[in-house]
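The values are calculated or read from the model by the stated rules, or taken from the named source; none is laboratory data. Model, not experiment: these values are computed from the prediction. Here the Cβ positions follow ideal geometry from the backbone for every residue, glycine too, while neighbour counts run over all protein chains shown. Side chains included, ligands, DNA and RNA excluded: accessible areas come from the protein's heavy atoms. Shrake-Rupley method; radii C 1.70, N 1.55, O 1.52, S 1.80 Å.
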Amino acid sequence: MNALDRAIIDPPQVPEVGERSPMAGLERRTVGFVDVFAQSVGATAPVAAAATMPALIAVRSGHSLLVCVVLAWALVAGVGHAVGQFTRRMAAPGSLYTFVTKGLGPSAGYVTALGQVVGYAFVAMFGLVGAALSVQTFLGSAGVAASSPMVTAVGVVVLGLVCFVVLRRGIRISVRVTLVVETVSVAALLVLLVTVLSRVGADALTAPFRTGLPGPGGLVAGTAVAITAFVGFETAASLGCEAARPFLTVPRTMRWTLIVVGLTYLLSAYAQEAAGVSFGLHVADNDIALNVLSDGAGVPLLGRMLDLGLAASFLACAIASSTALARVVFSLGREGVLPRAVGLTDPLRSTPLGALAVVVPATVALPLVLLAVGFSPWRAMSVLIVVSAVGYIVAYGLVTIAAPVFLRRIGELTRSVVWACGVVAVALAGVLMVYVAVVAGTEPLALALLGVVVVAGALGYLHVRVRRREEFARMGLFDEPTTDDLLGGQ
């Protein structure tokens, strides 16, 4: 009889292993690599970002799209390296804020959680408005008059209900819907981009490489906006509890997500700049959308079909971002930092029902307010993505600082991690300061919303420190092995 047989017959006792994980109620170890990959790709919404981000970047940086995208790609890859130090060692639905808490303590973890909530929530809102606008664009191209703000508002509500239903049904349903949508949309986008590049002149093909660099302010502001095209790649970590083999699956997912979306963004930015030169358009005018590219390339039908693909990609972004947001809120509820009710799960479908009941209505409400006070859909999207960018950059910066501290605490710190995380943290701090200064001059409403978030966050922090000190001190819970996972646990 070998050692394994003896262990099965008479399992050894493993102390300090409980019968229930702190994150019990969610599905455990059931979601494979493809599904986790779909979550991360869906959160980044490559088709939606590829269609809208070049214009948002160009407004702030001029023609230096490629430079800003490459710089943002490098910075986010550094963030991914820092996050990977944690995802190879723990599975946490709270993802970034849990990791930062383990490195820098609960106060920094609270700030990170606030940044995540802002980032995920405002990107979800961005996705809902973008999906509604894309449907309107498709209907308009088909001869149906549907351009009023009221139609957009109705679309946001309907799509919000779709998000809730999909998320309520379970994680595997939501990620597979996301996977199908993004696969078809990305394939159609690549066909369009290749078609466009095949029909522009040789001079236009080299034009994107002949543009000069903008000033430091424009370069940093453009890079900050470009970072928002990558945000969400780390949402794979929020499925650490549900993922099969999470310590392998989650880091691999983040790495491949960055490769896929980075190449997609570079190709899209290059194609839009080249096509702009060839067709006499300017990216920063917000007119160089997919249907304009398709018209210029002589394939208008493909552009009209991509309007539907774009709508689906925006919706997939809203679903994936809401998935991550719900798990952050769920985790905070389980810890007692937020009301316990948001930490409840559906016993039949193993979904964070309490969090979803708060998250989805909130992501629908603010877009409706912006539309009601007279903002156009595109203007509302610009404001929402700006606020989201600040939340993400704060969270990303803190996790790059926390990683070396955490590794030093467990005796696994290396010099390469110190240098990589240090450079990225300093760069993100500089990006954040310049970006906020730019926002102050160009997006007063976004700055006002950020002010409201800061004040509300500070009041919440004081409340938790005074009234929920024990819960605050135990922040950073993650999914732990149980007796069902081990032989001899007790």
Relative contact order (%) - the chain, alpha-carbon pairs under 8 angstrom, separation at least six = 36
task = Under 1.5 on a/c is rounded, so check that first for the stretch 22-118, then, if it is not, pick prolate when a/b is larger than b/c and oblate when it is not; a ≥ b ≥ c are the square roots of the alpha carbon gyration tensor eigenvalues.
result = prolate
note = Between the Cα axis of helix 415-442 and the main Cα principal axis of the chain, the angle (0 to 90°, nearest 10) is 50
ask   = By how many degrees, between 0 and 90 and to the nearest 10, does the Cα long axis of helix 106-141 differ from the longest principal axis of the chain?
value = 40
ask   = Working out 0.36 nm times the residue gap between L348 and A187, then minus their Cα-Cα distance, what length gain in nm do you get to one decimal?
value = 54.4 nm
message = Can you give the longest run of the chain that contains no GluC sites (Glu not before Pro) sitting in a DSSP loop with at most 14 other Cβ atoms inside 10 Å?
response = 20-411
inquiry  = I'd like the accessible area for I410, computed on protein heavy atoms only with a 1.4 Å probe and all protein chains in place. Round to 10 Å², please.
reply    = 70
ask   = What does the accessible area per residue of the chain come to in Å², with a 1.4 Å probe and no ligands, DNA or RNA counted?
value = 39
task = Tell me which residues come under 5 Å, amide H to amide H, from A91 once H is placed; ignore anything under 5 positions away on its chain.
result = D479
task = Compute the Cα gyration tensor for the stretch 379-484, then decide on rounded, prolate or oblate, letting a ≥ b ≥ c be the square roots of its eigenvalues: rounded whenever a/c is under 1.5, prolate when a/b is larger than b/c in the other cases, and oblate in all that remain.
result = oblate
task = List the relative contact order of the stretch 308-446 as a percent without decimals, with contacts defined as Cα pairs under 8 Å and 6+ residues apart.
result = 15
task = With only Lys, Arg, Asp and Glu charged, each at its Cβ (+1 for the first two, -1 for the last two), find how big the charge dipole of the stretch 20-170 is about the Cα centre; round to the nearest 20 debye.
result = 500
query = Leaving out ligands, DNA and RNA, what percent of the accessible area of the chain is carbon and sulfur, probe 1.4 Å?
reply = 68
key: Potential lengthening between S141 and T206 on full extension [0.36 nm per residue; Cα-Cα distance subtracted]   = 20.2 nm
task = Decide, for the chain, between rounded, prolate and oblate: order the square roots of the alpha carbon gyration tensor eigenvalues as a ≥ b ≥ c, take rounded if a/c falls under 1.5, and otherwise choose prolate if a/b is larger than b/c, else oblate.
result = prolate
request  = Taking the Cα centre of the chain as origin, work out the dipole magnitude from +1 charges on Lys and Arg Cβ and -1 charges on Asp and Glu Cβ, in debye rounded to 20.
outcome  = 640
ask   = Given the C-alpha centroids of the stretch 431-470 and the stretch 90-162, what is the distance between them in whole angstrom?
value = 18
